[in-house]
Amino acid sequence: MDSNTLREKFLTYFKSKNHKILNSDSLVPVGDLSVLFTSAGMNQFKSQFLGVGVIYPRVATCQKCLRTDDLDKVGQTCGHHTFFEMLGNFSFGDYFKKEAISFAWEFLTNELGIAKNKLWVSVYESDDESFDIWQKEIGVEIQKIVKLGDKQNFWPSEAKTKGPNGPCGPCSEIFFDLGKEVGCAKVDCTPACNCGRFLEVWNLVFTSFERKPDASLLALSQKNIDTGMGLERLAAVMQEANTNFETDLFIPIINEVLKLAPQKINLDSSAKKFRLSAIADHIRAICFAITDGVYPSNEDRGYVIRNLIRRAFIFGKELGINGPFLFQLVDTLGRVMHKPYPEILDYRDNISQIIRSEEERFISTLELRMPEFCAAIKELAEKNVSEVPVDILFKFYDTFGLPWDLMEAEAKKFHITCNKEKFSKLLDKQRKQSRDKSKLSSSIFGKLYDFKRETIEFIDCQSVNSKVIAIFRDEAGGKKSLITKAAAPMLVEIVLDKTCFYAESGGQIGDTGVLENERTKIEIMDTKTIDGTIVHFGKMLKGEVNVNDNLCVTIDAKRRLAIMRNHTATHLLQAALRNILGNHVRQQGSLVTDKYLRFDFTHPKAIKKEELERIEELVNEFIMADDPLKKEIKSLAEAKKSGALAFFDQRYADTVKVVSINDYSKELCGGSHLDSTGQVGYFRIISESSIASGIRRLEACTGAFAVSLGKIDRAILNSLSKELNASSENLTSEVQNLKESLKNFEKELSVMKLDTFRKTCAKFLEAVINIDGVNVVSGLVDNCDYELMRKIADELKTKVSQAIIILGSIYQNRALIIVSLTPDLVKQGFLASEIVKPLANSIGGSGGGTKQLAQAGSSNVAGLAEFFKNLKQIIEPELKK
C-alpha cells in the first residue's frame, strides 16, 4: 500500500468517526516560542489541551514535523528522521481511553488489514484501566500486553521528574512484531527489549494532567487524547520494507542520488547506505522548511537548515559527488510528495536556487577556512595538546561555518580529541542568549483562560462603547496580577468585552488611542493579542477604572489611516514584485507601521536599479488607477482555491478575509485596509537589502511621509545647486567634474608624498630589527591609504633583502597596516597572509592577503602607536614557527 493511500485512509477513517480533518500546520510554530520547529502533531493544539479555544472537540491531522535531537542517528537506524509526517487523532474533552484504543485497533486491523497476532501493546505501569480495555474489550492476549514505566510510557518521557511543564499523561503504545528472527532472538523478548524486533507504530497519549513548575501534577478539568503515528514507519510495515528508507517515500530520492554519483556506489556497504539515507532524509527537511519560509542563515531555524544542507553536502562528497548536487533532488522530491504537498513542485525553482546558492557558499567556506583549521590543529599537535580548545572549535563552527563532523575528523588525523559535551554547552548558551533577546512569553496571561474568546468582539470602526472585564498590572519579577481597579498614574493592561482597537497581528502594529468616561482617561499605547484575547496596554492619565466600568473606546484615527495606507501598499508591492521579478516572489514577513512599511520576500539576488524604479512606478500606477478593494469572508479552502496568496508564518481559521484588488492582487489578510488604492496617495521605496540567503527586504513609505521625503530631496538639490552654482539639470555633470578634479589632486598629492618619503626613508632602514636572519623594516607613515603604503613598501624592498616590511597609517579615521615580503622570503615559504593575522588581532581588526602582500584594518586608531612599540614581541613568535 503506497504512502499516499495510507495518508488518505487514515484521514478518511477518522472523518467517519466525526473528527474534523485539519490541514498540517506550518513547520514554523505560530505564536509558540518554546520550540524552533513543529515537532509533533499536538503542537498546534497546546491551548486546546488546556481547554482554551476549543472549536472542534475531535480533530485528525497529518502533520509535517521536524526534529534534530537525534541527528546522529538519522540514516544509521531504520526509523530516525529529521522531517517526518505524524498521523494523529485528538480529543479535547470528548472521548478518552476506551474510544482511542478502539479506534487505533480498528484502523490497523480492519482498515489496513494488519494481522492481529503481529501486534503487541504497552501500557503505563499503574494504568490498570488501559490494561483492562486492551485485554477484556479488544481481546489482546495478556502475554502481549507489557507494563512499562515513566521513561517508556509517560509522555513526555519522564515528564513527572524532569519536565517540561504543561500537558502530560500516561500513554499506551502499539508495536509491530518483525518476527523472532529479528533482534536478540530470546524466547521471552517483548517490547521492553531494545533489540529492534518490536517496531513502535502508534503512541496513544491520555493527556489528563498539567505539570506545574513545582513538579506537581494537576488533574486537568477535561481529559484529552493525543495520538501520533509516523507515516514513514507505517509505510515500512505496510510495504514490508526492512527500513523506512526502502519505502516509496525515499527510494526515488536515493535512486536520483545514485544517478548523480560519478561512480557506482556499493550498496552492500553500510557506510554508503547510511550516507544515502541521510541525504534522502535531509533534503526532505530542507525543502519543506524552505517552503514554509525558513531559509539558511546563522540564526535559530535558519541555522538548523544551513547545517542540514552542509551535512548532506559532505555526505555527497564522501560518496564521490563533487560540487553542488542537492538542488538537483528538489524536482524528484516534489514529484514524490506532489499529491499531499503540491507546493514543493510549485516553488521548486526558487527552492533549488536557494539550496544551490547555499552549497556554493559552503564550497567557498571549505576552500577558505579548512586550511586555517588544519593549520590550527597542526600547531596544537606540535605542542602535544591532546584536546582542541572549545573556543577554537566554536569559532570555526559558529563564525566560519565549518561542520562539527569535519572538524572532528581532521583533529583525529593528529590524534587530538574534540570534546562535544563542552562544545554543546557553549553552543546551547549562545543560542539561549539569542532566543532570550526576542522571547515574548504569553504564559503570564494564564488567568485569561477564564475568558471565552468569542465574548471579546472586534468591531472595525473608530469608536465604540465598551465594558471593562479585566485589569492587569505588572508585579516584581515581570509577573502580572489580576486586579479589580486601577488609578492614575498606573500602567495597566485592560481587557474589554468589545473593542475597535486592532491588535498587533500579521505584521500590522497595534492601535493606540484613548479609553475614557466622565471621570477616567486612559492613554492606550499598544494593543496585542495574548492567548486569543485582545489586551490594551495603557497608562492611567486621570481618575480610576474598575472592572465592569463602561468606557468610550476611541482609536487614533489619523494614525490608523497612515497604517492602512502602508498595509494596502504592501499588497500593491507584492503584486508589483511578482509582476516585475516573477511568481517565485513570496512574502516572508512584513512590518506595517504608521510611518513606513517593511516587506521581506523570496528572491535569489539583488534587485537591479532599473527593476526597483519599475517596481516603484508600477505601485504608483496601481494607486493612480484608484481601484476599489474588495473584502470578502470565505472558507479557507475556497480562498486558497481562488488563488489567494497566504503568508507562510500564519495560522488561519476555517473562515478568512480575502482582500482583492482588480485582477492583480488577492491575499488572505485580516488587517486594516483602505477602500481604494487611490487613498494610498503616493508610494516611495526607501531601501532594498538582503537579510538572508534568498530573502530580500524592501522598506518604503506612503502618503505624507513619502511626500516629506520628496521635500527633503528637493531641499538637498536646491542646496547643492546653490553651493555649486549649477542648475539641478547640470548637477550630475558638475559633481562628476568635481570628482575628476579631486582624483587628479589625490594623484598629485600621492606623488608628492612618495617623493618626500624617498628623501627620508633612511630612518626606516636605520631602525631595522633582525630576527633569526629576517630583517623587519617597520614604521608609521602619515595619512596614507593602502595603495600609497604599497608603493612605499616597494621602495624599501629595493634597498633591503630578506625583509618583511610592516607599515602603518591612520587614514580617514581608520588604522591601516600592510605587510610586504621581499621575493627571497616568499621563496623560503614565508606567508604575508599568515604574518598579518596576529598583527591584525593586536589592534582589534582583521586582515588577509597573498603570499607576498597582506593588509589589515581596524577602527582602533589609538592602538596603532602602541602596536609599533610592541611590534617585536608580537612578530617574533610568528617568525620562529
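The values are calculated or read from the model by the stated rules, or taken from the named source; none is laboratory data. Note that this is a predicted model, so its numbers are computed, not measured. A quick note on method: Cβ atoms are made from the backbone with ideal geometry, for glycine too, and the neighbour counts reach across all protein chains shown. Side chains are part of the model used for accessible areas, which takes the heavy atoms of the whole protein and leaves out ligands, DNA and RNA. Shrake-Rupley method; radii C 1.70, N 1.55, O 1.52, S 1.80 Å.
Computed quantities for the displayed model
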{"item": "Separation in nanometres of the label points that stand 7 Å from Cα toward Cβ, at residue 769 and residue 756", "result": "2.6"}
{"item": "Rounded percent of accessible protein surface that carbon and sulfur make up, the range 218-342, 1.4 Å probe", "result": "47"}
{"item": "Principal axis dimensions, largest first and in whole angstrom, of the range 1-138 by Cα", "result": "43, 41, 35"}
{"item": "Rounded, prolate or oblate (a/c below 1.5 giving rounded, otherwise prolate when a/b exceeds b/c) for the range 322-406 by Cα gyration tensor", "result": "prolate"}
{"item": "Exposure of residue 490 as accessible area (Å², to 10), given a probe of 1.4 Å and all protein chains", "result": "50"}
{"item": "Förster-model FRET efficiency, 30 Å R0, residue 579 and residue 726, C-beta, rounded to 0.05", "result": "0.20"}
{"item": "Cβ crowding within 10 Å averaged over residues, with 10-18, 210-218, 617-625 ranked highest first", "result": "617-625, 10-18, 210-218"}
{"item": "Potential extension, residue 360-residue 474 segment - 0.36 nm per residue separation minus Cα distance", "result": "36.0 nm"}
{"item": "Inter-centroid distance (Cα atoms) of the range 801-834 relative to the range 721-792, Å", "result": "18"}
{"item": "Residues of the range 1-142: accessible area per residue with a 1.4 Å probe, Å²", "result": "40"}
{"item": "Mean projected area in nm² (Cα convex hull; one quarter of hull surface) for the range 223-304", "result": "8.6"}
{"item": "Long-range Cα-Cα pairs in the range 50-110 (distance over 18 Å), rounded percent", "result": "55"}
{"item": "Straight-distance crosslink candidates among lysines, where the alpha carbon sits under 23 Å from residue 799 and sequence neighbours closer than 8 are dropped", "result": "753, 759, 763, 791, 827, 851, 872"}
{"item": "Proximal lysines to residue 180, defined as alpha-carbon separation beneath 26 angstrom and excluding residues fewer than eight positions away on the same chain", "result": "73, 116, 118, 144, 147, 151, 273"}
{"item": "Percent accessible area from carbon and sulfur atoms, the range 698-843, protein chains only, probe 1.4 Å", "result": "53"}
{"item": "Ordering of 631-640, 340-349 by packing [mean C-beta count within 10 Å, highest first]", "result": "340-349, 631-640"}
{"item": "Accessible carbon and sulfur surface of the range 61-102 relative to its total accessible area, %, 1.4 Å", "result": "41"}
{"item": "Rg/Rg_ref, the range 251-380, where Rg_ref = 2.2 N^0.38 Å and atoms are Cα", "result": "1.10"}
{"item": "Net lengthening on full extension, residue 608/residue 633 (0.36 nm per residue, minus Cα-Cα)", "result": "5.2 nm"}
{"item": "222 nm mean residue ellipticity, helices alone, for the chain (DSSP H n ≥ 4; -39,500 (n - 2.57); rounded to 500)", "result": "-11500 deg cm²/dmol"}
{"item": "Simple label model, 7 Å out from Cα along Cβ direction - residue 711 to residue 9, nm", "result": "7.1"}
{"item": "Where the range 240-377 is the region considered: accessible area per residue in Å², 1.4 Å probe", "result": "40"}
{"item": "Per residue accessible area in Å² of the range 821-881, where ligands, DNA and RNA are left out and the probe is 1.4 Å", "result": "51"}
{"item": "Calculated P(r) of the range 725-824 - Cα pairs past 22 Å, %", "result": "42"}
{"item": "Residue 160/residue 367 FRET efficiency (R0 51 Å; Cβ-Cβ; nearest 0.05)", "result": "0.50"}
{"item": "Subset of 223/641; 15/339; 20/480; 378/605 violating a 27 Å alpha-carbon distance limit", "result": "223/641; 20/480; 378/605"}
{"item": "Sorted peptide list for 270-279, 693-702, criterion being average Cβ within 10 angstrom, highest first", "result": "693-702, 270-279"}
{"item": "Distance (nanometres) between label positions extended 7 Å along Cα→Cβ at residue 135 and residue 491", "result": "6.0"}
